[in-house]
Every structure is written in C-alpha cells, then in structure tokens.
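Report on the following structure.
The values are calculated or read from the model by the stated rules, or taken from the named source; none is laboratory data. Since the structure is predicted, the reported quantities are computational estimates derived from the model, not experimental observations. Note: ideal-geometry Cβ built from the backbone for every residue, glycine included; neighbour counts use all protein chains shown. What goes into the accessible areas is simple: the full protein's heavy atoms, side chains included, and nothing from ligands, DNA or RNA. Shrake-Rupley method; radii C 1.70, N 1.55, O 1.52, S 1.80 Å.
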Amino acid sequence: MTSSAATPSTIYLKDYSPPLFTISDIFLTVELGEEETRVTSELQMKRLQDGGNQIHLHGEDLDLVSITVADRLLDSSEYTLSSKDIAFLAPSDDFTVKIVTRIKPQENTALEGLYKSSGNFCTQCEAEGFRKITYFLDRPDVMAKFTTKIIGDQNKYPVMLSNGNLIESGNLEDGRFYNLWVDPFPKPAYLFALVAGDLGSVEDSFVTRSGRQVKLQIFVEKGNEDKCAHAMTSLKKSMRWDEEKYGREYDLDIFMIVAVSDFNMGAMENKGLNIFNSKYVLASKETATDADFDGIESVIAHEYFHNWTGNRITCRDWFQLTLKEGLTVFRDQQFSADMNSAAVKRIEDVQRLRAAQFPEDAGPLAHPIQPQSYVEINNFYTATVYEKGAEVIRMAHTILGEDNFRKGMDLYFDRHDGQAVTTEEFIAALEDGSGIDLKQFREWYTQPGTPEVFVEDQYDPENKSYSLTIRQQNPKAGPNAKPLHIPLELGLVGANGDNLLTGIHGTGSEIFNLKEKEETVTFENISEKPTPSLFRNFSAPVKLKQNPADGNMVHLFKNDSDPFNRWEAGQRLAIKCLLDMIESPSQNALPQSFISAFGDLLDDESLEPEFKAAAMTLPGEQFIGQQMDIVDVDTIHAQRQNAIKTLASTYKDKLQSIYQSHHGKDSVGDRSLKNSALMFLTSLKEEEFINLATYQYFNADNMTDQISSLSRLVVTNHPNREKVLQDYYARWENDALVIDKWFTLQATSYRDKAMEDVQELLSHPAFNYLNPNRVRSLIAAFAAGNPRHFHKTSGDGYRFLSDAVIKLNTINPQIAARLIGPLGQWKRFSEKRQNLMKAELERILKAPNISNDVFEIANKSLRN
Ligand code: TRP
Ligand code: ZN
C-alpha cells in the first residue's frame, strides 16, 4: 500500500512547464509471474530544451533491481530514490536508460497499474498508473513508441495482449512463451495496456471506407462469449459513424476489447486495446436491461471515438482533461442520438447532468471544466469535466452550426494530429476552421458554477412586437465574473400551438447569442402574445430561474414542437405543483390542471411510447430537493408518492389499458411505457397490482421486465417481496452483473426497513469490498439513490457510508474517494443533518494512512 506520509501537495495549471527530456522509444519486457512480475524497460531519451541534467522518472511502489544509464550500471550513490521517483544525471543529450523493477500485481487492490482480475493480468494506466509498472516520464506530453514483449506461462496465460500489432510469438529456452507487440503510434504512457489470461474471444471484421480490413476481437472470461454480440455490433456502428460524421477512419489492423470484472471506471481507451468494465460489454436480453444495452452502445462508442479525440490528439497535461473527455462525451451523445430516439437521449443526457453535475457545481467541489489545481488527478474525472464539458462542446456546435463545426473539427484533426494539446488550441482550431469568434466563449472553461438566467417578456399589441429581456448571473463564479456567451435556442408558440417564427431551416427555432449581463431581444410582426419556449433542446447548461411561460406550461406540455421542451414543460409544471404540496402538505393537493394535463398525455396517441414514458415520470426526489433552500427529504418523498398515487387512482383504467396494450410487445418503447404504467399502478398498493407485478416477474423473458417488476415489489413489505428476491438470487447467483442489480434494488428501496436491509447486505457472502461494481451496487447506490434512508436523522445512513469510505481508503482509494460526494452536500440540509454529515467527514479525515484521493475530497467537502 501507499506509505507516503508527506502531506499531499497541490498541483497548479499555472506551473506547467514542458519536460527537459522526452522519451522517443520504449522497449518493455514484462515477465509475468505468480510471486512477482519483472519489468525491464529500455528507454531512448532525448533532450528537448536546456535547463540542467537532472532526470526525474516517476515511479511508485516499485522494487528497483537495477538501473543502467548509457550502458553503465549505476551504483546506489549515483541515483536517488523517493516514494515518487528516481533521480539521476543525464550523461548527454541523447542516451539510453535500462531499468529493471519488480512488482506484485496479485496484491494490487487499488486496480491502478498492473493488477489481477479473476486470475487474469490487466492494466489501468490513466491517469498516472504507468508509474506503478515501471519508472517513466508519466505525463501525457511525453509520447513514445512502445514495443512490448510479454513473457509468461502459456498454460496459464494463453492470451497475451498489448497495444498495436502482434509482430512475433514463440517459446523461450526455459519453456516460457512470449508475444511481441509493436504500436507504431507514439503515445503517452497512460494509453499503455497489457492483458494476459485464459480468455475466450469473439471475432469479427470491419472494412474501413478506404478499404482497409480491420480485425475486431472481444476477449471475455470463458463462458461469456455468447454475450458479446451487442458490443460487437455497437463497435461496428461506431466505426462507421465516425467515418461518416467526422471523416475519421480507424488506423491499426486490429482493434481489441477486453472485458474485466474488477474495474474502477466504465472503460479505458488504450490504443488498439480498450479495457472495459464487463458491465459495458456483456449483455443478453435475459441478463441485461434496455438501459444496459444503451449503456454498452454508448461506452463502446465513447472509447472507440477516443482513438481520434484523445489518442491521436491527446492532452498536454491533466488540466486539459475535458479536451478529450468533454469532446468524446459529446461525440458519443451525438452517436447515440443518431442510433436511437434523439429526443429521449437528449432528455436522459440532461437528467444525468442535473442529477450529477448541478449538485457538484453548487457544492464545495465546484470547479471549472478546466480546473486550475488538484491534489489527486483521479478525483477530477468528474461530471463537470465530462458532462458539463460535453455541454460546452455542444454549445460551440450550436453557435457554429453543423457545417462550421465540422470545418473546425477537420482543422483540429489536421493541425494537431500526433500532438498533446490544450483546450485553447482546440477552441482556436474551431475559430480558424469556422471563421467565427469564440473569444468570450472561452469563459466557459474557467468559470465554475451553473449560470442562472432570468427572463421577462413584453408584448405590444399595437406594434405587434414582442420582446424578451434576459439577464444572466453566475453566483459561484464571483461578483466580477464576466458574462458568458450563451446560445439561446427559442421558439414562440401561438395560441393554436403553432410556431410563430419560421426559424432556422423552418424548424420554428432561432438561436440568439447572449453575451451581455442583460439584453433584450425583440421580435416584430408577432400577431398575438406568444408563449416563449426557451432553451429548446437544452441549448445551454443553465438554470432558467424565471420564465415568462411558467404560468402557461400546460400549453407547452401539449404543443411544443421541440420534444425536449415539451418534456421540460411537464417537469416544470410538476416541480411547481410538488413544491406547493411540500410547502404546505395539509393544504395543497395536486392541482386539477396538472391532473388533466397528465391525462391528456396518456391519451396522446401521436407520441413515441418511450417519450411518453419519460414525460410521465415525475421529477426525482433529488431534483426536487435541488429547488429547495433546505432539503426536506421526508416531505419530498411523501408528497411525491402522494402525487403518484393521485395520478394512479385518477387514471387507473387508462394505465391498465396502457399496460395491457404494450405488454408482450418486444420493443424498448413498449417495455418502458408498460413498466411506467406498472409503477403507477403498484403505487396504489392494491393486491391486484402486486399480483400483476409478481406475475410479470415470474413470466418475464427479459431483464427489463424482470427488474421493473421486482423493483416494484422491493419497495413494499408484501410477502411476495421475499419470494421474488430469493428466486432472483437463486436464479442469478453465478452472474455478478445480475446480482449487482439485486443489491442495488434493496439499497435504493424506500421501504421502512431499508437501512437494516443494507446493513445486513454488507455481511452477505456475495458482498465484496474488492470489487468496485459490487461496492457501487450497494454503497454508492444507497448514498446516492436512497435519500430517505441515507439522510436518516439517527445518522445511521451517513455512518454506513463513512465506515465504507474508511475501509476502502486502504483497499482502493479511487473508489473510496468517489463514495464521499453525497456527504459534501451537507450545506443543503437541516442543521441537525449538517452536523451529522460534517462529523462523518471529520471522522473520514482521521482515517489511518489516509490516501491523497480521500483526503482531498473529504477535506474540500468540509469547506463552505
Ligand atoms: N478515459 C476513461 C474514459 O473513457 C476514464 C477512465 C477509465 C479512468 N479508467 C480510469 C479515469 C481510471 C481515471 C482512473 O472516460
Ligand atoms: Zn473518456
């Protein structure tokens, strides 16, 4: 484990300086062993600039065997070892270094560097894991050509993979086997990968548009080969889409994906050898939900798209992380929108942003998409860098328009291929390619916080002119923050529901470039007072605080031609009603206007079923909480459930007929709408519907239906609950991903006994702190998805979380740190809860051997 007792230091963007030396080539020999793995690294080093002869190669938790510089073995007086690096003198401007080290992957529970998962070797080097494999200049602006020789026991490790092309294989004199891989593309060490094990595989091929044949392989644990078809299809679709949409072709002869069951994140874009959390590869209709299928499609695409946005063009330093992540998330969002319902995809993207990024941006961990400092870079793989980063690219796309955006992207690829660059260089390429000025737009990279937009309108019937006065502010960015360049996509909806503006390409929407703290937009020849539909398609990641249409959301909910805003109108309407009910529970019931708008929605035959299901879903408890000064978790829960019940009892017949008419049909939309109806019906707690859910559970031929019905029973105390939970466990015991869902359902249940359930689940034989998916399925799911019990005023929920953080701090610091988030929201809760939450953060800070990861998050979370 890490033993660095020094207080963690902060790294600043302003301190960036290019390296004195670079490494042009590395020849890596990795001898895999059960006791230890021996790594021999031969480096070709070259001076880049003057500034002395001191060389510092990063290295952590390594056991140094020898170091040879320019063919001379150094004795221990000629180098200095610290817990972070090895230092020695450069003998000239161009020389070789050979370093031999030993590591113990089998003891690596942090899952960073080289580690073992289910008996197989694999790596995770982003962001700074390569330094746990060997000494190196482990920074993304050092790009080297990698040659990798893997040596091991062929019986144990018949599959031995690394980046690039397989050049040679054979037996060594001592009986061991070797594979030699050469990656012709220079790359930073974070993109290095190695996998070895007894894996099964499926193979396919892809012909690029210039006619090159690419071999596609997916490696999985034996027995899972039949669950790769969707991942393979998604990969081929991604490859085609990137050619068609961005003109980007794949560049090696082989593209490999490996699924592993122990992985800290979703997946990793290592050059030519992506490594995936098995959650984002393995699927069959029996074991994976429709949402899981979508997740696989988008993560496969995401990692594949990194080949151009991340690998061919990489980041100069880790402050530029959003350069590759924001852009690649935007690209995978575009892809998924093209492959599926674009409207539903956009709704889901925004829900995710609001659920994860808005709270981050409003809390003590707020940071700009380009942070200015960090203690531990692993802590900056955040919703802000990824999701808000993607929104920023989307705004650039909106401002430039499709064609100009493509010109800017083309120039970016042209100009920077093979380089490690900054977000500034990216924006400059967009400007130069499109001819459009983005000077003010750059503010989005440096301001934290979610901007607030206030709008007032005025209609002058005499002159037939309509105007909107728009004010923006970003409180989190401080009083002197410059106004942001915000693209406002809007339509004006007439009394009959039609768009009054022609809009761009006849869409009924126009785009305005807001650049002032306050400005007025005026429309002439408007024959009636319109209802404004603002921020269509969520054209900017802002909070619309005051909207002149608020009193008329029913109109937009029925008529808006922009599907996102149609959904949004329903959400705004629901939020308004729910907040009233929460404020004075005894006086306010769900208003009739909302009830009848909901009925009209159910009746509307013109809507896609999946969209209808999304529009039927009331805003989540956390999102409701975000609208309150002090989050009252119990009343929010109670009143949201009341609203659901009111709607369910009013429309019981309609909901039943929706259920019946979509049952048995085999499409994503049918399932989502049917299961949405089931959710409303079961909220009535009538035996008939409990039986319906039970029947659905036992007769489902797909995981979506199975999990939907199970989830409805898990929130009850009905005897069927135990029956189905036990059945599910017995049926799926041997499928870890399916059992993860079993943990999550119980962790997120709002039934009274849920706190005890989760506590008991900790000692369930299938619970395992070493497996991140399992930890997330129980602990993170509870803390992030069970507000009612996490915020128990006994403090049990908070303690449950901090106990786990302290435990995981030494096992897997990255995972431990990622769990803390919900405690950092203390400011938003009652004083009693605040004190309890802060006490747990303090307790975490006293953890023995506290990691940098946990220290940084817990410490910052206590700030105001
Ligand atoms: N670059 C990965 C992505 O596609 C993120 C990632 C995977 C990661 N594994 C990680 C980041 C481990 C930090 C640590 O988004
Ligand atoms: Zn990524």
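For this structure, a couple of remarks:
- When residues in the range 66-82 are screened for being closer than 15 Å to Glu42 by Cα and open to solvent by 60 Å² or more (accessible area, probe 1.4 Å), 3 of them pass.
- Under the condition of being within 24 Å of Ala643 (Cα to Cα) and assigned to a loop (DSSP other than H, G, I, E, B), the residues counted in the range 678-720 number 8.
- Here His56 meets each of (1) over 15 Å from Asp85 (Cβ atoms); (2) in the same structural domain as Ser83 (by TED's automatic domain parsing); (3) of a type outside the set (Val, Ile, Thr) with one exception, condition (1).
- Each residue in the range 43-64 was checked for being more than 19 Å from Pro18 (Cβ to Cβ) and open to solvent by 60 Å² or more (accessible area, probe 1.4 Å), and 2 pass.
- Residues that are part of a strand (DSSP E or B) and over 17 Å from the mean Cα position of the chain (by Cα), drawn from the range 306-337: Ile313, Thr314, Cys315
- Considered as a group, the residues in the range 573-588 that are surrounded by fewer than 19 Cβ atoms within 10 Å (Cβ to Cβ) and either touching a residue at least 24 places away in the same chain (Cβ under 8 Å) or not acidic (Asp, Glu) (or both) include one that is nearest to Thr635 (Cα to Cα), and that residue is Pro585.
- Glu244, sole failed condition from (1) within 16 Å of ligand 1 (Cβ to nearest atom); (2) out of contact with any His (no Cβ under 9 Å at 6 or more places or on another chain); (3) more than 26 Å from Lys116 (Cβ to Cβ): (1)
- Among the residues here, Asp562 qualifies as modelled with pLDDT of 95 or more and more than 19 Å from Glu621 (Cβ to Cβ).
- So Leu544, is it assigned to a strand (DSSP E or B), at pLDDT 95 or above and hydrophobic (A, V, I, L, M, F, W, C): yes
- Across the range 182-198, the number of residues qualifying as part of a strand (DSSP E or B) and either open to solvent by 10 Å² or more (accessible area, probe 1.4 Å) or under 14 Å from Asp138 (Cα atoms) (or both) comes to 5.
- Verdict on Gln154 being polar (S, T, N, Q), outside any loop (DSSP other than H, G, I, E, B) and open to solvent by 10 Å² or more (accessible area, probe 1.4 Å): no
- Residue in the range 245-266 that is more than 16 Å from ligand 2 (Cβ to nearest atom), at positive phi and in contact (Cβ under 8 Å) with a residue 24 or more places away in the chain present: yes
- Restricting attention to the range 695-720, the residues that are over 21 Å from Asp666 (Cα atoms) and more than 32 Å from the chain's Cα centre (by Cα) total 4.
- Residues that are assigned to a loop (DSSP other than H, G, I, E, B) and in contact (Cβ under 8 Å) with a residue 60 or more places away in the chain do occur in the range 511-518.
- Look at the range 384-399: where a residue is closer than 11 Å to Ile486 by Cα, no partner that is among the β-branched types (Val, Ile, Thr) and within 14 Å of ligand 1 (Cβ to nearest atom) sits 6+ places away or on another chain with Cβ atoms under 7 Å.
- Number of residues in the range 89-131 that are within 16 Å of ligand 2 (Cβ to nearest atom), of a type in the set (A, V, I, L, M, F, W, C) and in contact with a strand residue (DSSP E or B) (Cβ under 6 Å, 6 or more places away or on another chain) equals 0.
- Verdict on Val344 being within 11 Å of ligand 1 (Cβ to nearest atom), surrounded by 20 or more Cβ atoms within 10 Å (Cβ to Cβ) and at pLDDT 95 or above: no
- Residues that are open to solvent by 20 Å² or more (accessible area, probe 1.4 Å) and in contact with a helix residue (DSSP H, G or I) (Cβ under 9 Å, 6 or more places away or on another chain), drawn from the range 534-551: Asn537, Lys543, Leu544, Asp550
- Selected residue [under 26 Å from Ile67 (Cα atoms) and within 26 Å of the chain's Cα centre (by Cα)] from Phe146, Phe121, Phe136: Phe121
- Scanning the range 284-305 for residues that are more than 14 Å from the chain's Cα centre (by Cα) and open to solvent by less than 10 Å² (accessible area, probe 1.4 Å) gives Ala288, Tyr304, Phe305.
- Checklist (1) away from ligand 2 (no atom under 16 Å from the Cβ); (2) closer than 30 Å to Ala858 by Cα; (3) acidic (Asp, Glu) applied to Asp417, failing item: (2)
- Scanning the range 261-282 for residues that are hydrophobic (A, V, I, L, M, F, W, C), more than 10 Å from ligand 1 (Cβ to nearest atom) and open to solvent by less than 10 Å² (accessible area, probe 1.4 Å) gives Leu273, Val281.
- Filtered by the rule that a residue be within 21 Å of the chain's Cα centre (by Cα), away from ligand 1 (no atom under 16 Å from the Cβ) and under 30 Å from Gly129 (Cβ atoms), the range 780-804 gives Ala781, Phe782, Ala783, Ala784, Gly785.
- Among (1) touching a residue at least 24 places away in the same chain (Cβ under 8 Å); (2) part of a loop (DSSP other than H, G, I, E, B), the one test that Thr646 misses: (2)
- Residues located in the range 368-392, provided they are away from ligand 1 (no atom under 12 Å from the Cβ) and among the acidic types (Asp, Glu): Glu391
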